[in-house]
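Here's the structure we're looking at; comments come further down.
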Amino acid sequence: GIQVEQSPPDLILQEGANSTLRCNFSDSVNNLQWFHQNPWGQLINLFYIPSGTKQNGRLSATTVATERYSLLYISSSQTTDSGVYFCAVDPGTYKYIFGTGTRLKVLA
Amino acid sequence: GAGVSQSPSNKVTEKGKDVELRCDPISGHTALYWYRQSLGQGLEFLIYFQGNSAPDKSGLPSDRFSAERTGGSVSTLTIQRTQQEDSAVYLCASSPYSLASGETQYFGPGTRLLVL
């Protein structure tokens, strides 16, 4: 089955720094989503991005489907950005396959 | 408006008992999703409903797990003969139309299940 890998597994940033999170997948996908889980467990769907680039405030995402990777950019990080970032892909089988996540901690 | 709600919020059960977890999606949302997150682990996709139908049930971990959705609204996830490895947070999400449309999913707070 399709494999989804995320890097780095852990990341510590000083508030105000920028970061890039990566998601690699091993086969073609119908869609790709990025999620954020805050330290209290609440999940938020950030982006639906099977290809191209999207931006939402300080966050943006780019997926290069032909090269099977997606990047999530966080600019001017804030402590509220802390948590775990997951990417998930839909290979067209009515299910999502999740990566193992990147755990981000932003220090004040 | 009301978000996705799940009940119970916490459930402690003994090994071998059956449990039923409930999800109330946002009113009018056609698509409904169940996920599982074991302690300190990542997310695992369980099942997706389009209306009352689940096109693919292969994500359910074993035949002890079943899920149904009635009236295009409430969904229940049933675990029979619970095992300790079933202990996890079970999350439900809904979205307006379908998985394929890539729209935003809205998550409930989860049900924390502990099997002793």
- Rg(Cα) of the protein assembly as shown divided by 2.2 N^0.38 Å? 1.01
- Which ³J(HN,Hα) values in Hz, rounded to whole numbers, follow from the phi angles of region A:30-43 under the Karplus curve 6.51 cos²θ - 1.76 cosθ + 1.60, where θ = phi - 60° and Gly and Pro get x? 7, 8, 9, 10, 10, 10, 10, 10, 6, x, 9, x, 6, 9
- Task: Just the ratio, please: alpha-carbon radius of gyration of region B:5-101 over 2.2 N^0.38 Å, N its number of residues.
- Result: 1.04
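Just to be sure I understand: of the beta bridges DSSP finds with both ends in chain A, what percent are antiparallel, rounded to 5? Could you put the intermediate results ahead of the total?
Details: 38 of 43 bridges.
Around 90 percent of the beta bridges assigned by DSSP in chain A are antiparallel ones.
What ranking of A:D27, B:D24 emerges when the number of other C-beta atoms within 10 Å of each C-beta is taken as an exposure proxy, fewest first?
Values: A:D27 13, B:D24 18.
In increasing order of surrounding Cβ atoms, one gets A:D27, B:D24.
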- Query: So who's got an amide H within less than 5 Å of the one on A:N31, skipping anything under 5 residues away but keeping other chains? H placed 1.01 Å off N, in plane.
  - Reply: A:D90, A:G92
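What FRET efficiency, computed as 1/(1 + (r/R0)^6) with R0 = 22 Å and r the Cβ-Cβ distance, is obtained for B:E20 and B:Y97, rounded to the nearest 0.05? Display every interim value, and only then the final one.
On the way: r = 27 Å, r/R0 = 1.23.
Once the sixth-power term is evaluated, E becomes 0.20.
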- Karplus-derived 3J(HN,Hα), 6.51/-1.76/1.60, for each residue of region B:5-10, Hz, glycine and proline x: 10, 9, 9, x, 6, 9
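Note the per residue figure in Å³ for the convex hull of the C-alpha positions in chain A. Write down the numbers at each step before the final one.
Details: hull volume 9.4 nm³, N = 108.
Measuring per residue, one finds 87 Å³ for the Cα hull of chain A.
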- With each label point set 7 Å from Cα along the Cα-Cβ vector, what nm distance links B:T30 and A:A17? 4.5 nm
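Can you pull a Stokes-Einstein diffusion coefficient for region B:63-116 at 37 °C (0.692 mPa s), Rh from Kirkwood over Cα pairs, as a whole number of µm²/s? All intermediate terms of the calculation are to be shown ahead of the outcome.
Values: Rh = 13.0 Å.
Rounded, D is 252 µm²/s.
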- 1/(1 + (r/R0)^6) with r = Cβ-Cβ of A:T53 and B:S5, R0 = 41 Å, i.e. FRET efficiency to nearest 0.05, evaluates to 0.75
- Euclidean distance between Cα centres, region B:13-81 to region A:51-108, Å: 25 Å
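Taking the Cβ of B:N52 as the centre, find all other residues whose Cβ is under 9 Å away and add up their charges (Lys, Arg: +1; Asp, Glu: -1). If you can, show how the numbers build up before the last one.
Details: positive: B:R69; negative: B:E68.
Within the 9 Å Cβ shell, the charges total 0.
Could you please rank B:L60, B:L113, placing first whichever residue has the fewest other Cβ atoms within 10 Å of its Cβ? The partial results should precede the final answer.
Details: B:L60 18, B:L113 21.
In order of increasing Cβ crowding within 10 Å: B:L60, B:L113.
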- Item | Karplus-derived HN-Hα couplings along region B:22-29 (A = 6.51, B = -1.76, C = 1.60, θ = phi - 60°), whole Hz, x at Gly and Pro | 10, 10, 10, x, 5, 4, x, 6
- Message: 5 Å is the cut-off here: which amide hydrogens, built 1.01 Å from N in the peptide plane, fall below it relative to A:A17, excluding neighbours closer than 5 in sequence?
- Response: A:S77
- Task: For the protein assembly as shown, give the share of DSSP beta bridges that are antiparallel, in percent and rounded to the nearest 5; count only bridges with both residues there.
- Result: 90 percent
- Net charge over other residues, Cβ less than 11 angstrom from the Cβ of A:A88 (K, R count +1; D, E count -1): -1
- Can you list the lysines whose alpha carbon is less than 24 Å from that of A:K54, not counting same-chain residues fewer than 8 positions off? A:K95, A:K105
- Item | Fewest-first ranking of A:I44, A:I49, using other Cβ atoms within 10 Å as the exposure measure | A:I44, A:I49
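Computed from the coordinates by the stated procedures, all read-outs in this text should not be read as laboratory data. A quick note: this is a predicted structure, and the numbers were derived from the prediction, not measured. Counting neighbours? That spans all protein chains shown, and the Cβs are built from the backbone with ideal geometry, glycine included.
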